[in-house]
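The values are calculated or read from the model by the stated rules, or taken from the named source; none is laboratory data. The model shown is predicted, which means the values in this text are computed figures rather than measured ones. Cβ placement follows ideal geometry from the backbone for every residue including glycine, while neighbour counts extend to all protein chains displayed.
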Amino acid sequence: MDIEPYSAEQKRHVREVQNLWARYAPLMAESRDLVGGMQWKTIRGREYLYRYAPDPVTKKKRSTSLGPRTAETEAVHARFMERRALVKLDLPPLEDAVATQARVSKALRLGRLPRATGEFLTVLDSTGMAAHLVMTSSLALHGYETMFAHELSVSEAPALHFMLLDDAIADDFYGELSGALPGVSIEESRSGMVDLAFGDIEFAVMTRSRLLRGLARNGDDDQVECVEARLADDHIATFTFDRSGRPVPISVPDPITMAMMACIGDPEADVGPALAELATRNGDFVVEEHELEKFPAIADRIGGLGPRI
């Protein structure tokens, strides 16, 4: 796999975007939580606090009672109004800064993700459903690019394959996804992977157990156990750039996990060892001794880095 370090200007710009993203992403999440509003309603002479928001499918206003007026519900209302005021004050200048930085990202040729894919991932993130998913296809490499400030060779149209973080919510997840993305089509394949489409975007979701079963067909049990152990750790929330230059949220596995999966999926390819080398040289990622024993291609690639921790 070809790996090219970013230029000094590209590295500097990515750091600036990372600093902005650290403030912008939480505010966007806060903004989504505050969609709609709260109001007091008088019913039979008594006031009740109602939270209202548009229904994700019908778009009609839907309201829920939070209880009668008490010190507790007054505090809930006051906190909501305070949060909304802060977001309305802080978000617009950050959105302007994101737009400005997008033009610079595009000029520096950092945006390689197709714009339609970037727009879809942004919409998916805005629904809150992306919090349950982690990218497991080669598109995850775009996330590592901004993490390590290196450009990686990625196919022009990598598949959109996700792993569901919690198998236990699989049945509920697809129902909620249908509500969050009206018009999405869902079809389970014979392999157990769920194929979905939203407009012109096709993507797939599999459970963790399904992913591990797929790896077991190509790798030995010890290798799959190494991947399974690492998949239990937290995924990494990062971003990439689409061709408009705008940052696109993406969740990826630990890069060593991704390197191991690549080694199992295609033992002859260089992707896994190269990614492991990049992660250990440019980040706080280590390959454990027992993992090196099970993945000799990775051990050979990073063997010159010193003691294997």
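Quick test of your reading of the structure: Arg213 fulfils all but one of (1) part of a helix (DSSP H, G or I); (2) loosely packed, with under 13 Cβ neighbours inside 10 Å; (3) free of Cβ contacts under 8 Å to residues at least 60 places away in the same chain. Name the failing condition by number.
With respect to (1) part of a helix (DSSP H, G or I); (2) loosely packed, with under 13 Cβ neighbours inside 10 Å; (3) free of Cβ contacts under 8 Å to residues at least 60 places away in the same chain, Arg213 is out only on (2).
Conditions (1) modelled with pLDDT of 90 or more; (2) hydrophobic (A, V, I, L, M, F, W, C), marked per residue:
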| residue | (1), (2) |
| --- | --- |
| Ser126 | no, no |
| Val134 | yes, yes |
| Gly143 | yes, no |
| Leu152 | yes, yes |
| Ala159 | no, yes |
| Leu164 | yes, yes |
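Is there a residue being closer than 25 Å to Leu20 by Cβ and hydrophobic (A, V, I, L, M, F, W, C) anywhere in the stretch 285-304?
So far as the stretch 285-304 goes, yes, one or more of its residues are closer than 25 Å to Leu20 by Cβ and hydrophobic (A, V, I, L, M, F, W, C).
Output the qualifying pairs, or none if there are none: Cβ atoms under 6 angstrom, residues six or more apart or on different chains, first residue in the stretch 16-27 and at positive phi, second residue among the polar types (S, T, N, Q) and surrounded by fewer than 15 Cβ atoms within 10 Å (Cβ to Cβ).
The qualifying pairs do not exist here.
Would you kindly identify the helices (runs of 4 or more DSSP H) lying entirely within the stretch 218-298 that contain at least 3 residues that are without any contact (Cβ under 8 Å) to a residue 12 or more places away in the chain?
Once the helices (runs of 4 or more DSSP H) in the stretch 218-298 are filtered for at least 3 residues that are without any contact (Cβ under 8 Å) to a residue 12 or more places away in the chain, what remains is 221-231.
Right, Ala75: assigned by TED's automatic domain parsing to the domain that holds Ala8 and either part of a strand (DSSP E or B) or surrounded by fewer than 12 Cβ atoms within 10 Å (Cβ to Cβ) (or both) or not?
The answer is yes for Ala75.
Out of curiosity, is Gly128 surrounded by 13 or more Cβ atoms within 10 Å (Cβ to Cβ) and in contact with a strand residue (DSSP E or B) (Cβ under 8 Å, 6 or more places away or on another chain)?
The answer is no for Gly128.
Any residue that is farther than 13 Å from Ala140 by Cβ, outside the structural domain of Tyr6 (by TED's automatic domain parsing) and β-branched (Val, Ile, Thr) - is there at least one of those in the stretch 244-261?
Looking through the stretch 244-261, none of the residues is farther than 13 Å from Ala140 by Cβ, outside the structural domain of Tyr6 (by TED's automatic domain parsing) and β-branched (Val, Ile, Thr).
Which one is modelled with the lowest pLDDT among residues in the stretch 243-274 that are over 30 Å from Arg23 (Cβ atoms) and aliphatic (A, V, I, L, M)?
Out of the qualifying residues, it is Ala269.
Can you name the residue in the stretch 168-182 that is touching a Leu at 6+ places or on another chain (Cβ under 9 Å) and not aliphatic (A, V, I, L, M) and is also surrounded by the most Cβ atoms within 10 Å (Cβ to Cβ) among such residues?
Of everything passing the filter in the stretch 168-182, Phe173 is surrounded by the most Cβ atoms within 10 Å (Cβ to Cβ).
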